[in-house]
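The values are calculated or read from the model by the stated rules, or taken from the named source; none is laboratory data. Computed from a predicted model, the values in this text were never measured in an experiment. In this analysis, Cβ positions are derived from the backbone assuming ideal geometry, glycine residues included, and neighbour counts consider all displayed protein chains.
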Amino acid sequence: MNILVTGGAGFIGSNFIRYWLTEHPQDVITNLDALTYAGNLASLKDVEVNPNYEFIQGSILDAELVGQLVETADRIVHFAAESHVDRSILGPEAFVETNIRGTFTLLEAARKKKIPFHHISTDEVFGSLELGSSAKFTEHTPYQPNSPYSASKAGSDHLVRAYHETYGLPVTITNCSNNFGPYQHPEKFIPRMITDLIDGGTVKIYGDGLYVRDWLYVQDHCRAIDAVLTNGKNGETYLVGGMSQDISNKDIALKVLEIMGMSEDKITYVADRPGHDRRYAVDWTKIHDELGWQPEHSFEEWLKETVEWYKNNQSWWRPLKEKAESIYK
C-alpha cells in the first residue's frame with residue numbers, strides 16, 4: 001500500500017511514520033509537509049534512508065501538488081494542522097486556512113481518485129466538561145468548540161463527514177485526547193515544562209492550575225490509528241484516550257518536578273488564557289469494543305520516559321526553542 005501522510009514532520013505524524021514503517025515494512029509512505037515552525041525533519045533522521053519513505057516539502061493548500069501525490073497513493077492519512085491553542089488566539093487566520101481549506105484541498109483530490117481518507121482530529125472540538133463531573137466525551141457528544149483552533153478542527157471534521165455522506169468518499173475520523181511523548185515541540189505544555197526546568201526556569205501554569213486533561217502516550221495513539229486503518233468501519237468516528245484521565249495541569253507540574261528532583265516553588269501562576277476549557281475526558285469504549293484497542297502506556301511511567309528523552313535529546317529541541325516565537329514571557 002502507498003500511503004500519503006500529511007504533516008509527517010510534526011509530533012504525532014513523525015511518530016506515526018516511524019511506527020508504520022516498523023509494523024508494516026512492505027508499505028510505502030510519502031510524507032507531505034510544509035515545514036512550518038512545528039515541522040522538523042530531524043524527527044525522522046532514522047527513517048530518511050528507508051527506501052520505502054519519501055519526503056516532499058509542500059503545502060496541503062497546493063492543489064496541483066496534492067493532486068499529483070494522490071495519483072500514486074492508495075490512502076491518505078491526514079495529520080497536517082495548525083494545532084497550538086495560544087497561537088490560534090493570536091493569529092486565527094492560519095488555522096482557518098490550513099485546518100479547513102487545507103483539508104478541503106485534500107478531500108477534493110481524494111474524491112477525484114476515490115481513495116480512503118483518514119482524518120486525525122482532537123477532543124477539543126467537543127468543548128469543555130464540568131470540573132468534578134464523571135461525564136466523558138463520546139462519539140455522540142455535540143460539537144461546541146471554544147477556541148479558533150478547536151473551531152477550525154471542528155470545521156474540518158464536518159467537511160470530512162460531508163464528503164462521505166455527499167460523495168461516498170470512504171473516510172474514518174479519530175478524535176484524540178492530549179498527546180505526549182518524544183519529538184513534541186517545546187512550546188507544548190509538557191515539553192515546555194521540562195525544557196524550561198532544564199534551562200533553570202520555572203513551570204508556568206495558567207490560572208489556578210486546575211484545568212483537567214486526559215493524556216495519551218503518542219505510541220498508543222499510533223496503535224489506535226493502525227487499528228482504525230486496518231479494521232475501522234467506513235464513515236465511522238472513533239475517540240482515542242489515554243490510560244490515566246482527569247489529571248490537572250498542576251498535578252502534572254508536580255509530577256514533573258518530582259521526577260526532576262525539584263520543589264513546588266518552581267511553579268509560577270500566570271494570567272489565564274481566553275476561552276480556556278476546564279476539563280476534557282474521553283470515553284474510548286467504542287474503539288475498544290469494535291477494534292480491540294486500548295492504551296498500554298501508563299501516564300506516570302511514560303512521563304518519566306518523556307522527561308529522560310528531553311534530557312538526552314537537547315540537540316533536537318534547542319534549535320526549535322530558540323527559533324519559535326515565545327508567547328510565554
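The residues in the range 48-64 that are of a type outside the set (Asp, Glu) and assigned to a strand (DSSP E or B) can be counted, and the count is 4.
Please go through the range 233-253 and give me each residue that is surrounded by fewer than 17 Cβ atoms within 10 Å (Cβ to Cβ) and either assigned to a helix (DSSP H, G or I) or assigned by TED's automatic domain parsing to the domain that holds MET193 (or both), ordered by number. The one that is surrounded by fewer than 17 Cβ atoms within 10 Å (Cβ to Cβ) and either assigned to a helix (DSSP H, G or I) or assigned by TED's automatic domain parsing to the domain that holds MET193 (or both): ASP251.
Screening the range 205-232 for residues that are assigned to a helix (DSSP H, G or I) and among the charged types (D, E, K, R) and picking the one that is surrounded by the most Cβ atoms within 10 Å (Cβ to Cβ) gives ASP220.
In this structure, is VAL70 assigned to a helix (DSSP H, G or I) and at pLDDT 95 or above? Yes, satisfied.
Out of the residues in the range 283-326 that are acidic (Asp, Glu) and part of a helix (DSSP H, G or I), state the one that is farthest from GLN245 (Cα to Cα).
Within the range 283-326, the subset acidic (Asp, Glu) is 283, 289-290, 296, 300-301, 305, 308, 322, 325.
Restricting the remaining residues to those that are part of a helix (DSSP H, G or I) gives 289-290, 300-301, 305, 308, 322.
On the way: ASP289: 19, GLU290: 21, GLU300: 11, GLU301: 14, GLU305: 19, GLU308: 22, GLU322: 32 Å.
By that ranking, first place goes to GLU322.
Does any residue of the range 61-76 turn out to be over 28 Å from GLU187 (Cα atoms), among the small types (Gly, Ala, Ser) and surrounded by fewer than 16 Cβ atoms within 10 Å (Cβ to Cβ)? Looking for residues that are over 28 Å from GLU187 (Cα atoms), among the small types (Gly, Ala, Ser) and surrounded by fewer than 16 Cβ atoms within 10 Å (Cβ to Cβ), one finds at least one in the range 61-76, hence yes. Among the residues making up the range 266-295, those that are modelled with pLDDT of 95 or more, surrounded by fewer than 16 Cβ atoms within 10 Å (Cβ to Cβ) and touching a strand residue (DSSP E or B) at 6+ places or on another chain (Cβ under 9 Å) are THR285, GLU290. Residues in the range 84-113 that are farther than 15 Å from ALA154 by Cα and among the β-branched types (Val, Ile, Thr): ILE89, THR105. The test for being touching a residue at least 60 places away in the same chain (Cβ under 8 Å) and in the same structural domain as THR268 (by TED's automatic domain parsing) holds for ILE198.
Could you list, in sequence order, the residues of the range 281-309 that are in contact with a Ser or Thr (Cβ under 6 Å, 6 or more places away or on another chain) and more than 22 Å from THR237 (Cβ to Cβ)? Result: PHE299, single match. When restricted to residues that are over 22 Å from LEU107 (Cβ atoms) and touching a residue at least 40 places away in the same chain (Cβ under 8 Å), the range 1-19 contains 4. Tell me which residues, restricted to the range 6-45, are in contact with a Lys or Arg (Cβ under 8 Å, 6 or more places away or on another chain) and either at pLDDT 95 or above or among the polar types (S, T, N, Q) (or both). Selection gives PHE11, TYR19, LEU44.
Is it the case that GLY235 is within 30 Å of THR166 (Cβ to Cβ) and not hydrophobic (A, V, I, L, M, F, W, C)? Yes; evaluated as a whole, the condition is true for this residue. Against the list (1) closer than 24 Å to ASP157 by Cβ; (2) of a type in the set (Val, Ile, Thr); (3) surrounded by fewer than 23 Cβ atoms within 10 Å (Cβ to Cβ), the condition VAL5 fails is (3).
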